[in-house]
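Remarks on the structure that follows.
The values are calculated or read from the model by the stated rules, or taken from the named source; none is laboratory data. Keep in mind that this is a model prediction, so the values were computed, not measured. Heads up, the Cβs are rebuilt from the backbone with ideal geometry, glycines too, and the neighbour counts pull from every protein chain shown. Ligands, DNA and RNA are excluded from the accessible area calculation, which covers all protein heavy atoms including side chains. Shrake-Rupley method; radii C 1.70, N 1.55, O 1.52, S 1.80 Å.
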Amino acid sequence: MTLSPYHGALRPKGVRRLLVAVAAGVMAISAVLFAPRPAAADTPWLNVSEDGYVSFTVPAAYVQANAGQVSQVVIEGNFGPSFSWAEFGLTRRGDAWSGVLGPLKPGLYSYQVTGDDTKSLKDPTNSAGVASKPLWSTFFVPGGSARLLADAPQGQGGKVETLTYRAKGDERSALVWTPPAYSAKGAKAYPVLFLQSGDGGSATDWLDLGRAKQIFDNLSAQGAMEPMVVVISGGSGSEDKELKDLRKAVADKFRVLPAPAHQAIAGVTEGGTQALRAALANPGQFAYAGSFSGLLSESVGRANAEAINRHVKLVRLYTGNVTDPAYNATNRLTKALDRARVRYEFDGVNPDAGANWNAWQENLIDFVPRLFRTVPDHGPSAGHGQLKGEFTPPAAGTTPTPFVSEGGFVTFETTTDFKDAQHVTVWANDAPGGSWLRVPMTRDGDRWRVTVGPLDPWFYYYKFIVDRVSIKDPSNPTKVTSEPTWSSFFIPGERARLLSDVPAGQGGKVESLTYRSTVANQDRTALVWTPPGYDPNRAERYPVFYLQHGSGQSYTDWAEMGRAKQILDHEFLDGDLVPMVVVMGNGNVSNFNKELLENIVPAARARYNISSDPSQQALAGLSMGGGQALGVLKAYPGQFAYVAAFSAGFGSGAGVDVAAINNGTKLLRLYVGDQTDFVYPSVMASLPTLDNLGIHYEFAGVTQGPHGWDVWQKNLIDLAPRLFKR
C-alpha cells in the first residue's frame with residue numbers, strides 16, 4: 001500500500017463518551033430559548049474520539065418536544081477559524097440529527113444545540129456546563145498542546161473557594177484559588193494575582209471556559225509558577241473603589257502580602273483594560289499587569305513614564321490575530337508606550353486565535369510564570385508574530401467580495417438587499433479538513449460583514465444563508481453550474497500550488513464534446529482536457545482517462561470545483577503526468593455502463609486521437625461516480641486497466657469474476673475521506689471484502705477531510721501521476 005502526502009494510515013477508532021446532566025436557562029440575545037425537559041434516555045449526544053473527531057447525535061423527538069418542529073439543527077460552538085463561534089449543520093438521518101466534525105485541535109470547546117436559528121437547547125446528556133451560559137456545554141480534546149488544560153492528578157491541585165464581600169453597598173462574590181501548600185493557620189503569606197473576566201462576564205468563566213484551575217494546578221505541580229493566591233472576579237466594569245473593596249476583603253481573609261511589589265492584576269477584554277489602567281494611570285498599586293485582548297484607549301504621556309517604570313515591574317500585552325478587536329488597539333497602545341518611553345513587553349500576535357478563551361488560556365499560561373520572580377525570557381511566545389500595522393478591511397461596498405488579506409484572512413460582505421434580515425451566516429469549507437461551517441455575520445450599516453481566518457492556502461467555496469435561505473454572493477462573479485448559490489475564491493501558497501492557474505499559454509486546453517445519449521435520449525456534453533502540445537495526428541494514440549462526477553453534480557464540476565485543469569496542467573508541466581486525454585462525462589443516467597461504453601467512449605474516440613487498447617484506458621469517479629467506475633469494473637473486467645474510486649465502496653463481491661479483474665486490471669486504487677466522510681464505514685468495510693475475494697488493489701489511506709472537494713482534489717492529485725506507467 002502506497003500512501004500519498006495527503007493521506008494517513010488508519011488510526012484507532014477509540015471513542016470516549018462524555019457523561020451528561022441537564023441545565024436550563026436563558027442565553028443569547030435575540031434568540032428564543034428553551035428550558036430542556038429531562039432526556040428520554042441517557043445516551044450521550046456527544047462522542048469524542050481519541051484523535052479529536054467529534055460526533056453529534058441529537059434525537060429528533062427531543063428537539064421537537066422542546067423546541068417544536070424545525071427545518072434545521074446546528075451545533076453552535078467555537079469550532080471556526082481562530083476558534084471563532086460557528087455553526088456546524090447536522091443532517092437528519094432517521095430519528096436523529098447527526099454529524100461528525102474534526103479533527104479538532106487539542107483544547108476546550110463549548111457548544112449548544114440550535115434549531116431554525118433561534119431555538120436553542122442545552123445538551124441534557126452532558127454535565128460539563130458553563131455557569132454564566134446555562135445553555136452551553138463543554139468538552140475537552142486532550143493532546144500535548146493542551147496538557148496544561150487537563151485535570152491535574154488527584155490530590156495535587158489547589159483549592160477554589162468563594163469569597164463574599166461588600167462593594168459599593170452591594171454584596172459581591174469572587175473565586176479564590178489557593179496553592180496546594182496554602183494553610184489558613186500558617187505563618188507564610190503569599191503574593192496575589194487579581195484575575196478579571198471581561199465586560200459582562202462572570203468569575204466562573206475563568207473556571208468553566210478559561211480552565212484557570214487546571215492551569216494553576218499544573219503549573220504549580222511543575223514548579224513553573226511562584227506559590228500565590230489568585231482572586232478571580234467578574235467583568236462588571238468595576239471602578240477603583242470596587243477593586244479597593246475586593247483587595248481589602250482578600251487581605252482580611254487570606255494570608256497575602258500587602259505590598260504592591262507582591263500584587264499583580266490581569267484580565268480579558270475590559271478586564272485587561274482595567275488592569276492596564278490600574279498599572280499605568282495609578283502606578284504603585286500593582287507591580288505586575290497583564291492585558292489579554294484589552295482595549296485601552298487613553299493616551300499615555302511621558303509625565304507618567306518615570307513613575308510607571310519605577311513602580312511597575314511588568315506590563316505585558318497580549319492580542320489575538322486580526323479577528324481580535326484588540327489587534328488595532330494593541331497596535332496603537334504599543335506606539336503610545338514607545339513614545340512615552342514606558343517599559344512593557346509584548347507577547348506577539350497569536351496567529352491561531354482571536355478574542356476568545358482559547359487565546360486567553362494561552363495568555364494566562366504565559367503570564368503567570370512571569371510573576372513575582374526573575375525570568376530570562378522577555379520576548380514573544382513561540383510562533384507569535386509582529387504587529388504589522390492596523391487591520392482595516394475595505395470600506396463597505398467598495399470592492400468585490402470576498403476580500404482576501406495578507407495571511408489568509410477573508411472578509412465577506414453582503415449587499416444591502418438583506419438589511420432587514422435577522423440571521424445571516426457565510427457557509428464555507430473552512431473547518432478542519434474542508435468540512436463546512438457557517439460563521440455568523442454581523443450588521444455593518446445596511447450590510448452584513450465578517451472577517452474569518454487565517455485560512456490555509458487552498459480553493460474555497462461558500463454561500464450566504466439569510467434567514468435559512470441560500471443566497472449566492474452577487475458581488476462574486478465565480479459560478480458553480482450544479483450549485484447556483486455557490487461562489488468560490490482561492491488563497492495562493494505553496495500548499496495550494498497544484499490548484500493554481502499555470503502561466504497563460506502553458507497549460508492544456510478544456511473544450512466541450514457534444515454526444516448523443518441513447519440512454520437519456522438527448523444530446524449531452526462532456527468536457528475534455530488535452531495536454532499541452534496535443535497532436536491530433538500523432539502516430540501513437542494518447543491514453544485516455546474517463547473522470548466522473550458524483551450524485552447531484554454535473555460534468556462541469558471537475559473543472560469548476562475539482563480544479564482538474566489546474567491539477568493536470570501542473571502535474572504535466574512538473575513531468576509527473578503521462579500525456580493523456582481526460583474526458584469528464586455526464587454520469588446522470590439510469591444505465592451508466594451503457595452510457596459510458598456506447599455513447600461517451602465512441603464519441604471521444606471519434607473526435608480525439610485516443611487509444612482503444614484497454615491497457616491505455618482509465619476510469620475513476622467520486623462518490624456516485626466512484627460507484628459507477630467500480631460497477632463497470634465488475635461488469636466488464638479488463639475493459640479499463642486503471643480504475644479508481646474516490647469516496648465509494650466496492651460493495652458486495654457476489655458474481656464478481658476475480659480472475660478477470662486481476663488479469664485485466666493494472667491498478668485498482670481506493671480512496672476515502674476521514675470519519676467526517678459519511679461513506680467512510682462502507683469504504684472501510686470494502687477492504688476485507690476485497691481481501692477475502694483475493695482481488696488485487698491498493699488503498700491510498702485516509703484523506704483528511706469530509707465527503708467534499710477538498711478530499712477529491714487530493715485524490716486526483718495522487719491518482720493522475722500513477723496512470724499508464726505500469
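General observations
- If you go through segment 533-563 and pick out every residue that is loosely packed, with under 15 Cβ neighbours inside 10 Å and closer than 23 Å to Lys725 by Cα, you end up with 7.
Rundown of residues vs (1) at pLDDT below 95; (2) more than 40 Å from the chain's Cα centre (by Cα); (3) closer than 23 Å to Gln713 by Cα; (4) open to solvent by 10 Å² or more (accessible area, probe 1.4 Å), yes/no style:
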residue: Asn593; (1), (2), (3), (4): no, no, no, yes
residue: Val601; (1), (2), (3), (4): no, yes, no, no
residue: Ala604; (1), (2), (3), (4): no, yes, no, no
residue: Asp613; (1), (2), (3), (4): no, yes, no, yes
residue: Leu633; (1), (2), (3), (4): no, no, yes, no
residue: Gly653; (1), (2), (3), (4): yes, no, no, yes
residue: Val656; (1), (2), (3), (4): no, yes, no, yes
residue: Asn662; (1), (2), (3), (4): no, yes, no, yes
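- Checking each residue in segment 684-726 for being in contact with a helix residue (DSSP H, G or I) (Cβ under 9 Å, 6 or more places away or on another chain) and of a type in the set (A, V, I, L, M, F, W, C) picks out Leu693, Ile695, Phe699, Ala700, Val702, Trp709, Val711, Trp712, Leu716, Ile717, Ala720, Phe724.
- Pair list, Cβ < 6 Å and 6+ apart or interchain, from segment 257-273 residues that are under 16 Å from Arg370 (Cα atoms) and modelled with pLDDT of 95 or more to residues that are open to solvent by 50 Å² or more (accessible area, probe 1.4 Å) and among the hydroxyl-bearing types (Ser, Thr, Tyr): none
- Between Asn328, Asn321, Asn309, the distinction of being touching a residue at least 12 places away in the same chain (Cβ under 8 Å), surrounded by 24 or more Cβ atoms within 10 Å (Cβ to Cβ) and over 25 Å from Glu242 (Cβ atoms) belongs to Asn321 only.
- For segment 336-360, the set of residues classified as open to solvent by 10 Å² or more (accessible area, probe 1.4 Å) and under 33 Å from the mean Cα position of the chain (by Cα) consists of Glu345, Phe346, Val349, Pro351, Asp352, Ala355, Asn356, Trp357, Asn358, Trp360, listed by residue number.
- Residue within segment 337-354 that is at positive phi and not in a helix (DSSP H, G or I) present: yes
- Evaluation of Thr330 against (1) among the hydroxyl-bearing types (Ser, Thr, Tyr); (2) closer than 22 Å to Phe83 by Cβ; (3) in a loop (DSSP other than H, G, I, E, B) (one fails), failing number: (3)
- Tabulated pairs, segment 690-703, first more than 13 Å from Ala644 (Cβ to Cβ), second modelled with pLDDT under 95 and hydrophobic (A, V, I, L, M, F, W, C), C-beta under 8 angstrom, 6+ apart or interchain: Gly701/Met1; Gly701/Leu3; Gly701/Ala9; Gly701/Leu10; Val702/Ala9; Val702/Leu10
- Check on Thr374, under 24 Å from the mean Cα position of the chain (by Cα) and either of a type in the set (S, T, N, Q) or open to solvent by 20 Å² or more (accessible area, probe 1.4 Å) (or both): no
- Selected residue (only one of Gly701, Gly621, Gly638 is modelled with pLDDT of 95 or more, assigned to a strand (DSSP E or B), surrounded by fewer than 23 Cβ atoms within 10 Å (Cβ to Cβ) and in contact with a Gly (Cβ under 9 Å, 6 or more places away or on another chain)): Gly701
- Some residue of segment 160-173 being at negative phi, part of a loop (DSSP other than H, G, I, E, B) and buried (at least 19 other Cβ atoms within 10 Å of the Cβ): no
- All positions within segment 417-431 that are charged (D, E, K, R) and either over 20 Å from Pro81 (Cα atoms) or in a strand (DSSP E or B) (or both): Asp417, Lys419, Asp420
- The C-beta contact set for segment 566-589 (first residue farther than 17 Å from Glu511 by Cβ and touching a residue at least 12 places away in the same chain (Cβ under 8 Å), second residue part of a loop (DSSP other than H, G, I, E, B) and among the β-branched types (Val, Ile, Thr), distance under 9 angstrom, 6+ apart or interchain) comprises His570/Val502; Leu573/Val502; Val589/Val519.
- On the stretch given as segment 61-101, residues that are without any contact (Cβ under 8 Å) to a residue 60 or more places away in the chain, among the small types (Gly, Ala, Ser), open to solvent by 20 Å² or more (accessible area, probe 1.4 Å) and not in a helix (DSSP H, G or I) total 3.
- Residues considered: Glu298, Glu242. Of these, the only one that is modelled with pLDDT under 95, of a type outside the set (Ser, Thr, Tyr), open to solvent by 10 Å² or more (accessible area, probe 1.4 Å) and in contact with a strand residue (DSSP E or B) (Cβ under 6 Å, 6 or more places away or on another chain) is Glu242.
- Verdict on Gln222 being under 26 Å from Pro153 (Cα atoms) and without any contact (Cβ under 8 Å) to a residue 12 or more places away in the chain: yes
- Failed criterion for Ala421 (all others in (1) loosely packed, with under 14 Cβ neighbours inside 10 Å; (2) touching a residue at least 24 places away in the same chain (Cβ under 8 Å) hold): (1)
- The one condition in (1) open to solvent by 30 Å² or more (accessible area, probe 1.4 Å); (2) closer than 26 Å to Arg726 by Cβ that Asn588 fails to fulfil: (2)
- Of all residues in segment 660-682, those that are small (Gly, Ala, Ser) have Cβ atoms under 9 Å from Cβ atoms of residues that are modelled with pLDDT under 95 and in a helix (DSSP H, G or I), 6 or more apart or on another chain, in Gly673/Gly433; Gly673/Gly434.
- Every residue from segment 573-585 that is open to solvent by less than 50 Å² (accessible area, probe 1.4 Å) and hydrophobic (A, V, I, L, M, F, W, C): Leu577, Val578, Met580, Val581, Val582, Val583, Met584
- Taking each residue of segment 335-364 that is among the aliphatic types (A, V, I, L, M) and looking for partners that are open to solvent by less than 20 Å² (accessible area, probe 1.4 Å) and in a strand (DSSP E or B) with beta-carbon atoms closer than 7 Å, six or more apart or interchain, yields Val349/Thr319.
- Checking each residue in segment 384-405 for being within 19 Å of the chain's Cα centre (by Cα) and open to solvent by 40 Å² or more (accessible area, probe 1.4 Å) picks out only Val404.
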